[in-house]
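The values are calculated or read from the model by the stated rules, or taken from the named source; none is laboratory data. Computed from a prediction, not measured in an experiment: that's the story for all the values here. FYI the Cβ positions are ideal-geometry reconstructions off the backbone, even for glycines, and counts take in every protein chain you see.
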């Protein structure tokens, strides 16, 4: 029994990550696009406001706090701990944000939108301060290596939360409980898959972002990992959907 069960269990795990997870993300591509738009709009609004308004910069924090943040604190954060410990802490924080963006979506998606706006504003605050100080390069070269993958994972988690919220708000010809159960089976698949994605993003932040490499190598590494992930999601997700998979937990192609 033991020898017969273990291979089947591993096959189920591999199938779930390589087929069911991409299918679930592919089917949630519209709410993921909305999630991305909410974050980017919040980020841009805050960043542009600070970058173009000395009054907004002055109101954001006392001058000595801003100077310390721009000259030391922001960059020092990425080398504040050994790589493994830092990656573990980052993974925990990111997974918590993803879990909130997804889990609170059941309340009509409104808490999910709040989480996305809050995080967009926070990142936009940093971007705006660096742009206003004429040091945008520092911000982008420290954010991009891990941020491309990390934020994509947040957008996907937000999309799962919005889809869950839409099921609660407009269940269609299903009962609200049936709609939530059906979408919940897909959302759970997305969240489980994102555990791996957040883990990889944590490794990038812990070992690549603050690495003493040329800028092109750090940003390029992050870009290659991000492109590989998004390309795989699009190709594998489309293929799985064509085979009849919708991304529900435990689903097998017809």
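Tallying residues that are surrounded by fewer than 19 Cβ atoms within 10 Å (Cβ to Cβ), assigned to a helix (DSSP H, G or I) and without any contact (Cβ under 8 Å) to a residue 60 or more places away in the chain within the stretch 153-180 yields 3. When residue 51 is tested against (1) exposed (fewer than 15 other Cβ atoms within 10 Å of the Cβ); (2) touching a helix residue (DSSP H, G or I) at 6+ places or on another chain (Cβ under 8 Å); (3) farther than 30 Å from residue 165 by Cα, exactly one condition is not met: (1). Among the candidates 150, 183, the residue that is part of a helix (DSSP H, G or I), at pLDDT 90 or above, crowded, with 16+ Cβ neighbours inside 10 Å and under 20 Å from the mean Cα position of the chain (by Cα) is uniquely 150.
Restricted to the stretch 233-254, and to residues there that are touching a helix residue (DSSP H, G or I) at 6+ places or on another chain (Cβ under 7 Å) and surrounded by fewer than 16 Cβ atoms within 10 Å (Cβ to Cβ), the residue that is modelled with the highest pLDDT is 238.
May I ask you to verify whether residue 106 is at pLDDT below 80, surrounded by 14 or more Cβ atoms within 10 Å (Cβ to Cβ), within 28 Å of residue 158 (Cβ to Cβ) and within 16 Å of the chain's Cα centre (by Cα)? Break it down into steps so the answer makes sense when it comes.
Numbers: at pLDDT below 80: yes; surrounded by 14 or more Cβ atoms within 10 Å (Cβ to Cβ): yes; within 28 Å of residue 158 (Cβ to Cβ): yes; within 16 Å of the chain's Cα centre (by Cα): no.
Here the answer is no, as residue 106 does not meet what is asked.
Mind listing whichever residues of the stretch 59-92 are exposed (fewer than 13 other Cβ atoms within 10 Å of the Cβ) and either closer than 15 Å to residue 131 by Cβ or under 20 Å from the mean Cα position of the chain (by Cα) (or both)? Hit for the stretch 59-92 is 92, nothing else. Meeting the requirement of 3 or more residues that are in contact (Cβ under 8 Å) with a residue 40 or more places away in the chain, the helices (runs of 4 or more DSSP H) wholly within the stretch 25-102 are 29-52, 54-60.
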